[in-house]
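One structure is given below, encoded as structure tokens.
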Protein chains: 2
Amino acid sequence: MSPSTYSISDLASEFDVTTRSIRFYEDQKLLFPTRKGQTRIYSGPDRVRLKLILRGKRLGFSLAETRELFELWDESTTGSMKQLELLMTKIQEKKAALEQQLKDIAMLQLELDSAESRCQDAMNELKNNPV
Amino acid sequence: MSPSTYSISDLASEFDVTTRSIRFYEDQKLLFPTRKGQTRIYSGPDRVRLKLILRGKRLGFSLAETRELFELWDESTTGSMKQLELLMTKIQEKKAALEQQLKDIAMLQLELDSAESRCQDAMNELKNNPV
DNA sequence: TTTTGGCTTTACGTTTACGTAAACTTCCGC
DNA sequence: GCGGAAGTTTACGTAAACGTAAAGCCAAAA
């Protein structure tokens, strides 16, 4: 079964990032591993956070954005109505941004498909009509 | 009907970017407007290029990546088989990257939906059970 | 004619997200 | 008990993508 704690290099190799990056995320208040002496110990939830950070990055989220979401989420457990409404707003914003991204991807896929077939045509032409 | 040429501020306002950015893209060999005296004149194809640059940016493409695709595409008209094959490879790579992005978005949408309903629950709870 | 608005170049500054090197501790196997 | 691997902190360096003056050209309006 999957372990319940991880070393920094465990996570680094699993997600293919450098330990430097992981420490940097901690520096930016995105991760809060516990310590055993000086050594960082990462829990299951820590690991999930890292996964979310990286997913966010692949989608163009800045670390600051991701941190803001984490903070709102964390505060929401103890939060006032105001806090909850703010969180809700941010969630809607991100959802809307993802919708826009889906559109962008769809457009780009069409263009790449078109480019692909033009490219294919050119290759066939070259085969049948060598210079 | 839509004009066939554009000033730099036309494009800047249409796409909501600064003229500084547009000039920077030119500096990075992504755009090649003609000149009337010193003033830049953008054609329809130039405008399309800018749109592609910005779409790429929203999807996390670096300017260098986008430029490489542009260059391969431009060279493909006069290109050898080698060139065409390289272009084809790059197109496949981008398509694969977009597929990954679709997965990331799907995952994140699920998580945001879940967060949204938890948030909604917490808000209802607060309404029915005020502190 | 002057001044205003938009364009230009040049160049240094800034933010984000790390890379990289130095110098140090801790533990593990031999 | 010693070397090496893996961890740590501190701190300067870097690439990308612009921001932000500074200083000047040029055409239309006042």
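Determine whether A:S80 is under 28 Å from B:I53 (Cβ atoms) and either more than 12 Å from DNA strand D (Cβ to nearest atom) or surrounded by fewer than 16 Cβ atoms within 10 Å (Cβ to Cβ) (or both).
Considered against the rule, which asks whether it is under 28 Å from B:I53 (Cβ atoms) and either more than 12 Å from DNA strand D (Cβ to nearest atom) or surrounded by fewer than 16 Cβ atoms within 10 Å (Cβ to Cβ) (or both), A:S80 comes out as no.
Regarding B:I41, is this residue under 23 Å from A:M107 (Cβ atoms), β-branched (V, I, T) and either within 11 Å of DNA strand D (Cβ to nearest atom) or touching a strand residue (DSSP E or B) at 6+ places or on another chain (Cβ under 6 Å) (or both)?
Spelling it out, it is not the case that B:I41 is under 23 Å from A:M107 (Cβ atoms), β-branched (V, I, T) and either within 11 Å of DNA strand D (Cβ to nearest atom) or touching a strand residue (DSSP E or B) at 6+ places or on another chain (Cβ under 6 Å) (or both).
Of all residues in the range A:12-38, count the ones that are surrounded by fewer than 14 Cβ atoms within 10 Å (Cβ to Cβ) and touching a strand residue (DSSP E or B) at 6+ places or on another chain (Cβ under 6 Å).
So the count comes out to 1.
Do we have A:L69 as within 14 Å of another protein chain (Cβ to nearest Cβ), touching a helix residue (DSSP H, G or I) at 6+ places or on another chain (Cβ under 7 Å) and in a helix (DSSP H, G or I) here?
yes
Do you know which residues across the range A:102-114 are among the charged types (D, E, K, R) and either within 11 Å of B:S76 (Cβ to Cβ) or at the interface with chain B (Cβ under 7 Å from one of its Cβ atoms) (or both)?
Residue satisfying the conditions is A:D104 alone.
Name the one entry in B:L69, B:L52, B:L84, B:L98 that is more than 16 Å from DNA strand C (Cβ to nearest atom) and more than 16 Å from the chain's Cα centre (by Cα).
Answer to the selection: B:L84.
Can you tell me which condition A:S9 does not meet? The list is (1) away from DNA strand C (no atom under 14 Å from the Cβ); (2) modelled with pLDDT of 95 or more; (3) surrounded by fewer than 14 Cβ atoms within 10 Å (Cβ to Cβ); (4) more than 9 Å from every other protein chain (Cβ to nearest Cβ), and all the others hold.
So the condition that A:S9 fails would be (1).
This table checks each residue for (1) part of a helix (DSSP H, G or I); (2) aliphatic (A, V, I, L, M); (3) in contact (Cβ under 8 Å) with a residue 24 or more places away in the chain.
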residue: B:S13; (1), (2), (3): yes, no, no
residue: B:R23; (1), (2), (3): yes, no, no
residue: B:K29; (1), (2), (3): no, no, yes
residue: B:F32; (1), (2), (3): no, no, no
residue: B:R35; (1), (2), (3): no, no, no
residue: B:R47; (1), (2), (3): yes, no, yes
residue: B:K51; (1), (2), (3): yes, no, yes
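Do we find a residue being over 18 Å from the mean Cα position of the chain (by Cα), at pLDDT 95 or above and either more than 13 Å from DNA strand C (Cβ to nearest atom) or within 14 Å of chain B (Cβ to nearest Cβ) (or both) anywhere in the range A:15-29?
no
If A:Q120 satisfies all but one of (1) under 24 Å from the mean Cα position of the chain (by Cα); (2) under 27 Å from B:Q83 (Cα atoms); (3) of a type in the set (S, T, N, Q), what's the number of the condition it fails?
Failing condition for A:Q120: (1).
List the pairs whose first member sits in the range A:73-101 and is more than 7 Å from chain B (Cβ to nearest Cβ) and in a helix (DSSP H, G or I), whose second member is surrounded by 15 or more Cβ atoms within 10 Å (Cβ to Cβ) and of a type in the set (S, T, N, Q), and whose Cβ atoms are under 7 Å apart, counting only residues at least 6 apart or on separate chains?
A:E75/A:Q83; A:Q83/A:S76
Per-residue answers, yes or no, for (1) within 20 Å of A:W73 (Cα to Cα); (2) touching a Ser or Thr at 6+ places or on another chain (Cβ under 9 Å):
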| site | (1), (2) |
| --- | --- |
| B:V48 | no, no |
| B:L72 | no, no |
| B:E75 | no, no |
| B:M81 | no, no |
| B:L98 | no, no |
| B:E116 | yes, no |
| B:C119 | yes, yes |
| B:N129 | no, no |
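The values are calculated or read from the model by the stated rules, or taken from the named source; none is laboratory data. Predicted, not measured: the structure shown is a model, and the values here were computed from it. Please note: Cβ atoms are built from the backbone with ideal geometry, for glycine as well, and neighbour counts cover all protein chains shown.
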